[in-house]
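*Asks:* If you scroll down you'll find the structure; I have some questions about it.
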Amino acid sequence: MRMPRRGLVIQARTRWLLVGLALLFSLVLLMYLLECAPQTDGNGSLPGVVGENMGKEYYQALLQEQEEHYQNRATSLKRQIAQLKQELQEMSDKLKSLQEKKSPKVNGMNYQGTKEQTSNDLLEFLHSQIDKAEVSVGAKLPSEYGVIPFESFTSMKVFQLEMGLTRHPEEKPVRKDKRDELVEVIEAGLEVINNPDEEDGQDEDDGVGERQLYSENDFVEGYYRTERDKGTQYELFYKKMDGMEYRHVTLFRPFGPLMKVKSETVDIARSIINIIVPLAGRTEAFAQFMQNFRDVCIHQDKRVHLTVVYFGQDGLSEVKSILESVARETDFHNYTLVSLNEEFNRGRGLDMGARAWEKGEVLMFFCDVDVYFTAEFLNSCRLNAEPGKKVFYPVVFSLYNPAIVYANQDIPPPVEQQLVHKKDSGFWRDFGFGMTCQYRTDFLTVGGFDLEVKGWGGEDVHLYRKYLHGDLMVIRTPVPGLFHLWHEKHCADELTPEQYRMCIQSKAMNEASHSHLGMLVFREEIEAHLRKQAYRTNSEAVG
């Protein structure tokens, strides 16, 4: 891997060497002036005042003492100057060596424009950090807990998993250093796009006249994550307002200056997504899902295929009716309904949906009927999955029970108004791996779902672990355009102990925020307090 503009690093080191030498000489000169300055002795006397009675021998001895002091100091300074000259010579030799590496001699002549043949130690170290990091190739991990998730950001907000007690799932960067870091990264990405190297494979005019220049307004979204012993990786996406072509830039900061990893153009104009939804009953939820599908996929995106895998016969006719109604009203016919007369199994449904596609390679989005997504998310799905290289596992923002969140209102607001990233409205579902974007060939190559898993939960984790144990890169990050709508959960008695524990855990976390649950727990205490307050107020009014 070669880093462009290596001369900048060498020039920077040269400047720091010269500045260090200048500071060192200034320090020696200051020490010399301080030592040579006349000293005031509190016990000494000036001639003609108190010292008039002292003899000539006293002053000769005093002068001799001062002379010996300055001679010793001069000897010390000469020794320090000799040491500095030696260090300067060593630094000059190092600098000369770096310059020779930058402009190697060919046939006895220095070629300024000759390509560098050898990297200096610093560049070799920085490049080794990139090679060690999970930037271009996925790392084999022991479990789902080994993944370092990305955090996503736009030019205004950061969407973060780690919140603690003070941070929020969505917020503007408060610390100046974090704001400056993201601004620097966005600007560095623009520099890479607007001033491409030959290795980026871009023509000067892109074949259609003058090359387009990108600005901060063209930045769409970015992801970043830090490997503590290597550095920070940034995935940046830019797009012109009127185009469907994205510019993707990968940068890596190996605990040093930013280094470009790659710059490429990603054309998603013809990228079809096969959205696969397993379903059993829940026809009202499916009708709501299709309303979102109509608005986002049919009217806005227009590059999707819907595959519904339905289990059982109860409700099947209603699902068919909903699909046919949407087809008539919107002239949308890119859908497939697979009917299975058997007990619901999510893994089996998604597996059947993937295998029902008969048109070769396709990007798949494994979805649930309770998920709400935006057109921007579909583009994120396309940008972060690549056949044979990476799969996309977005972290869903799961909404709490609206009856609790909006308890102070007569009725909860419409679903579209509930889609906000706040602590009391929902949480990042970082323990869920069911929503994923991956290519069909990768899914089949890795072996698909474990079809032995029955009922609720577990099948998505097994698939996730298969990718972690392989060579594909797993992109794990919260995304702002993907929501899980609240619905009442029922944990069946037939579940295994592990499945039942996972179901109860999910049910508890889905209900309400910590503060809202606390209000419910202490409801009687709060009501008793309010009654006392009201009684006291009434008593004072009567008195």
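The values are calculated or read from the model by the stated rules, or taken from the named source; none is laboratory data. These figures come from a predicted structure and were not determined experimentally. Positions of Cβ are backbone-derived with ideal geometry, glycine not excepted, and every protein chain shown enters the neighbour counts. Note: areas computed on protein heavy atoms with side chains; ligands, DNA, RNA excluded. Shrake-Rupley method; radii C 1.70, N 1.55, O 1.52, S 1.80 Å.
*Asks:* Checking E358 against (1) modelled with pLDDT of 95 or more; (2) exposed (fewer than 12 other Cβ atoms within 10 Å of the Cβ), which single condition isn't satisfied?
*Replies:* Against the list (1) modelled with pLDDT of 95 or more; (2) exposed (fewer than 12 other Cβ atoms within 10 Å of the Cβ), E358 comes up short only on (1).
*Asks:* Only one of E488, E459, E524, E498 is touching a residue at least 24 places away in the same chain (Cβ under 8 Å) and open to solvent by 30 Å² or more (accessible area, probe 1.4 Å); which?
*Replies:* Answer to the selection: E498.
*Asks:* Out of the helices (runs of 4 or more DSSP H) lying entirely within region 420-529, which hold 2 or more residues that are within 19 Å of L141 (Cα to Cα)?
*Replies:* Answer list for region 420-529: 440-446, 459-468.
*Asks:* Still on this structure: Among (1) farther than 27 Å from F366 by Cβ; (2) modelled with pLDDT of 95 or more; (3) open to solvent by 50 Å² or more (accessible area, probe 1.4 Å), which single condition is Y238 missing?
*Replies:* (3)
*Asks:* Quick one: how many residues across region 122-146 are in contact with a helix residue (DSSP H, G or I) (Cβ under 9 Å, 6 or more places away or on another chain), exposed (fewer than 13 other Cβ atoms within 10 Å of the Cβ) and either assigned to a loop (DSSP other than H, G, I, E, B) or acidic (D, E) (or both)?
*Replies:* Looking only at that region, the number is 3.
*Asks:* Is it true that K423 is basic (K, R) and in contact with a strand residue (DSSP E or B) (Cβ under 9 Å, 6 or more places away or on another chain)?
*Replies:* Judged against the criteria, K423 is not a match.
*Asks:* Could you identify the single residue in R282, R247, R253 that is basic (K, R) and over 30 Å from K132 (Cβ atoms)?
*Replies:* Sole residue among the options that is basic (K, R) and over 30 Å from K132 (Cβ atoms): R282.
*Asks:* As an exercise: evaluate T436 against (1) buried (at least 22 other Cβ atoms within 10 Å of the Cβ); (2) out of contact with any strand residue (DSSP E or B) (no Cβ under 6 Å at 6 or more places or on another chain) and give the number of the one condition it does not meet.
*Replies:* With (1) buried (at least 22 other Cβ atoms within 10 Å of the Cβ); (2) out of contact with any strand residue (DSSP E or B) (no Cβ under 6 Å at 6 or more places or on another chain) applied to T436, the lone miss is (2).
*Asks:* Is at least one residue of region 284-301 within 30 Å of Y224 (Cα to Cα), open to solvent by less than 40 Å² (accessible area, probe 1.4 Å) and touching an Asp or Glu at 6+ places or on another chain (Cβ under 7 Å)?
*Replies:* Looking for residues that are within 30 Å of Y224 (Cα to Cα), open to solvent by less than 40 Å² (accessible area, probe 1.4 Å) and touching an Asp or Glu at 6+ places or on another chain (Cβ under 7 Å), one finds none in region 284-301, hence no.
*Asks:* Going by what's in this entry, would G447 be described as at positive phi, free of Cβ contacts under 8 Å to residues at least 60 places away in the same chain, open to solvent by 30 Å² or more (accessible area, probe 1.4 Å) and touching a helix residue (DSSP H, G or I) at 6+ places or on another chain (Cβ under 8 Å)?
*Replies:* yes
Listed here are the residues, each with its yes/no results for (1) of a type in the set (A, V, I, L, M, F, W, C); (2) touching an Asp or Glu at 6+ places or on another chain (Cβ under 8 Å); (3) in a loop (DSSP other than H, G, I, E, B); (4) open to solvent by 50 Å² or more (accessible area, probe 1.4 Å).
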{"position": "G349", "(1), (2), (3), (4)": "no, no, no, no"}
{"position": "F377", "(1), (2), (3), (4)": "yes, no, no, no"}
{"position": "V391", "(1), (2), (3), (4)": "yes, yes, no, no"}
{"position": "V395", "(1), (2), (3), (4)": "yes, yes, no, no"}
{"position": "Q409", "(1), (2), (3), (4)": "no, no, yes, yes"}
{"position": "P412", "(1), (2), (3), (4)": "no, no, yes, yes"}
